[in-house]
Amino acid sequence: MSSHALSCVSAFGSQLRNPVTHRHAHHVRQHSRRSQARPISAAAAISTGPHTAAELPPSLRNTTAVLHTAEGAAAYVLGISHVSKESCQHIEELIRLVQPDIVLVELCKDRTGLLVDPDAPPPQTWCTPRFSLTGLPTAPGWPTADQLMGLLKGTGCTPVSAADIEDNAVALLSTGLFRSVRVAARPPAAASAPAFAVQPSGALQAVAPLDAIEYMLAPRQLPPVQQLSVKAEGGAAAPAVDIQARAAAAAAAATGGGAAAYLAARAVLLEGQPENVDVSFEGVEAGKPVALLHILPAGQQRALTGLEPTAAGGAGAGIESFQRQAPRRANPSSSSSSGSSGIQLGAASKQALAQGAGSIGQLSSAQFTELVPWSREQLARGAASSGAASGGGNALSSFLTSTYAKYQGAAGRSVGIAPGEAWRVALRAAVAAGASQYHLGDAPADTTAQRLASAILSASLPRILGSLVASVASGIVLYQGLLDSGAPANPAAVAAAAALPVVVALAPVVAPLVEVARFAGLSAREIEDTVRLKEPLQAASADAPIVKLWGEDALLNWPGALEPIITQRDAYMARSIAAAASGRPEGLTPAYVLTHSGSGATLQYAMPVGGEAGACPPGAGAGQYQPLPGPKTVVAVVGTAHVRGMIRQWPAAQQDTSLKPLL
């Protein structure tokens, strides 16, 4: 591997260590005002089914709503604060209690970096669905790209280390076909998602994404064949016809020199031979090779080229030895047996693992998913669409949300949790509880950003423009009045008075930032007290107001923000939960699914078969997953402010799970 390629690989881990903080915080001050609305009908919003819901402990009764599907599955919707350790404990407690088949979180495909622990060391393994071999001749007799891919580690998004990537280069040289192999690793696109290797201890070790790994091949040049001898070992030639005639035919086919000559000669020698007979070459460096016909041990397949003995370890005549740069390590994909270099389980998850609930030895075959691999055409389209993706939003909304996220992150650090901790806790707990799938059920971030930007501008711009006009007009009138009265004009006083309309107009935009800044200045205990729920989220009324958490949900007070941040996403996530619980593909979202390969269990990022392209872009992730058949329980972890709106959306979501109208 070139030094540039290795440096690229090292940089990808650094990118994952510092994911972009994405917080659709969904909370502001808690309301308990009484609603005069009609009582909610149990049949209307929560249909009964054969699955008996678990009895919730007191610690979860305020924070959890229980919904049922017509198919009989139960969906537990847990409302959380993003800056609360207590909420993280609730996540572990609920998942451990109900042992769900699926865990769904308020996280979207654009923010998978939040699942990587920012305090963990950089990942030491990588994955990509895109392997390519360039420079491979397509002449008759040459192995196909698929045949050569079968020699490589890491195909199918299996985690590989830098040493594994270099092993692949040596494996290609060891076929005896190539003079040199160079490696190039392309950095991931912005929307690329990490995978997670499940360690025997149950810890999750991040696997960094790569866009592609390319092996650039140069065919091996060998002296022209001047004389070809054939030697049969162990009766391999009997009852074949005259071996000398076969040798002459093979020599006649070996024209032009290079590896191609030997492939042609081998094809002639193997013609008519039983499958347990193979041909290999020696003495190729002098142009007078010997072809050895030999019997294969029972169960062993023929070699790919017959030139393997002339290129042992990737070295031989006409071969440029590959210069390794990565240190060799025993079993690099499982180097963290204790999970110290991976994402660590929380206390509750560790306890569950200690009891055997989530250890690798306890995983059943039913928990593993066989992914449908992307075709080359789908991967190419996915790469093109990923490169053309836009960030969405505008400068104003980006400034407001980034400033808000900064203060919210400060509040989390005061409590002792990093951004995204709730989603990491949910992922760890899902693995410990034996869940098969972990769905990212939120709307795409660029869609929300664009709608938020439009809503803030639509609601604020007329007021701001009007205030500017009023400010200029009042300044002119005030200044002229002072001149007419003969009083001394004070320019600073005039400017201050004239600016008052602008200050008033900007107050609704600035006030939420002031509120979240005050919230971030509280002590850890005060923050936990502020976000702790004082009333059940599953209210007796269908029209009960959303529960806002003071400080954390201050952004909902921005002009026009409630619709794009809460209402539209409530509908989206309600449909994604209903689809997960019923297996309807049109509402399924990107997910992490448990897969198994020779290197062990891995949580792979994948798209649903039949999913909506706007929510589940073709070519993204490791492949496609099938809906889980007949799930009984789903746990959804969302911001507190979403829960009541999702309850209201539940009847409609069960009727129509399609996400297309909401994108």
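Yes or no, residue by residue, for (1) in contact (Cβ under 8 Å) with a residue 60 or more places away in the chain; (2) surrounded by fewer than 21 Cβ atoms within 10 Å (Cβ to Cβ); (3) farther than 20 Å from Phe322 by Cβ:
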site: Ala171; (1), (2), (3): yes, yes, no
site: Ser174; (1), (2), (3): yes, no, no
site: Leu204; (1), (2), (3): yes, no, yes
site: Val207; (1), (2), (3): yes, no, yes
site: Leu210; (1), (2), (3): yes, no, no
site: Gln244; (1), (2), (3): no, yes, yes
For this session: Output the number of residues of region 284-322 satisfying the condition of being more than 40 Å from the chain's Cα centre (by Cα), exposed (fewer than 14 other Cβ atoms within 10 Å of the Cβ) and assigned to a loop (DSSP other than H, G, I, E, B).
Result: 3
Exercise. In region 614-663, which residue that is touching a Gly at 6+ places or on another chain (Cβ under 9 Å) and of a type in the set (Ser, Thr, Tyr) is farthest from Ser582 (Cα to Cα)?
Worked result: Thr640
Problem set entry | Met607, sole failed condition from (1) assigned to a loop (DSSP other than H, G, I, E, B); (2) out of contact with any Ser or Thr (no Cβ under 6 Å at 6 or more places or on another chain); (3) crowded, with 24+ Cβ neighbours inside 10 Å | (1)
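Every residue, every condition in (1) over 21 Å from the mean Cα position of the chain (by Cα); (2) within 27 Å of Gln654 (Cβ to Cβ), yes or no:
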site	(1), (2)
Leu56	yes, yes
Leu67	yes, yes
Gly72	yes, yes
His82	no, no
Val116	no, no
Pro121	no, no
Pro137	yes, no
Gln147	yes, no
Exercise. Looking at Ile527, is it at pLDDT 95 or above, crowded, with 22+ Cβ neighbours inside 10 Å and closer than 19 Å to Glu106 by Cα?
Worked result: no
For this session: Would you confirm whether any residue within region 567-577 is surrounded by fewer than 18 Cβ atoms within 10 Å (Cβ to Cβ), of a type in the set (Ser, Thr, Tyr) and touching a strand residue (DSSP E or B) at 6+ places or on another chain (Cβ under 8 Å)?
Result: no
Problem set entry | Members of region 270-293 found to be small (Gly, Ala, Ser) and out of contact with any Phe, Trp or Tyr (no Cβ under 8 Å at 6 or more places or on another chain), listed by number | Gly272, Ser280, Gly283, Ala286, Gly287
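Results for (1) surrounded by 21 or more Cβ atoms within 10 Å (Cβ to Cβ); (2) among the polar types (S, T, N, Q); (3) closer than 17 Å to His439 by Cβ, shown as yes or no for each residue.
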{"position": "Ala615", "(1), (2), (3)": "yes, no, yes"}
{"position": "Gly619", "(1), (2), (3)": "yes, no, no"}
{"position": "Ala622", "(1), (2), (3)": "yes, no, yes"}
{"position": "Pro631", "(1), (2), (3)": "yes, no, yes"}
{"position": "Val634", "(1), (2), (3)": "yes, no, yes"}
{"position": "Thr640", "(1), (2), (3)": "yes, yes, no"}
{"position": "Met646", "(1), (2), (3)": "yes, no, yes"}
{"position": "Ala652", "(1), (2), (3)": "no, no, no"}
{"position": "Asp656", "(1), (2), (3)": "no, no, no"}
For this session: Starting from region 275-288, keep only residues that are farther than 15 Å from Ala303 by Cβ, then list their pairs with residues that are aliphatic (A, V, I, L, M) and modelled with pLDDT of 90 or more whose Cβ atoms are within a distance under 9 Å, requiring at least 6 positions of separation or different chains.
Result: Gly283/Val290; Glu285/Leu222; Glu285/Ala317; Ala286/Ala317; Gly287/Leu222; Gly287/Val225; Lys288/Val225; Lys288/Leu228
For this session: State whether one or more residues within region 328-346 are modelled with pLDDT of 80 or more and either polar (S, T, N, Q) or part of a loop (DSSP other than H, G, I, E, B) (or both).
Result: no
Problem set entry | Verdict on Pro536 being modelled with pLDDT under 95, over 23 Å from Ala430 (Cβ atoms) and part of a loop (DSSP other than H, G, I, E, B) | no
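For every residue, the table says whether it meets (1) surrounded by 24 or more Cβ atoms within 10 Å (Cβ to Cβ); (2) part of a loop (DSSP other than H, G, I, E, B).
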residue: Leu67; (1), (2): yes, no
residue: Leu78; (1), (2): yes, no
residue: Val83; (1), (2): yes, yes
residue: Arg96; (1), (2): no, no
residue: Gly113; (1), (2): no, no
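Which of the residues spanning region 82-113 are closer than 19 Å to Ala443 by Cα and among the hydroxyl-bearing types (Ser, Thr, Tyr)?
Thr112
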For this session: Would you point out which residue out of Gly587, Gly598, Gly560 is surrounded by fewer than 24 Cβ atoms within 10 Å (Cβ to Cβ), within 30 Å of Ala195 (Cα to Cα) and touching a residue at least 60 places away in the same chain (Cβ under 8 Å)?
Result: Gly598
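The values are calculated or read from the model by the stated rules, or taken from the named source; none is laboratory data. Remember, predicted model here, so these are calculated numbers, not experimental data. Note: ideal-geometry Cβ built from the backbone for every residue, glycine included; neighbour counts use all protein chains shown.
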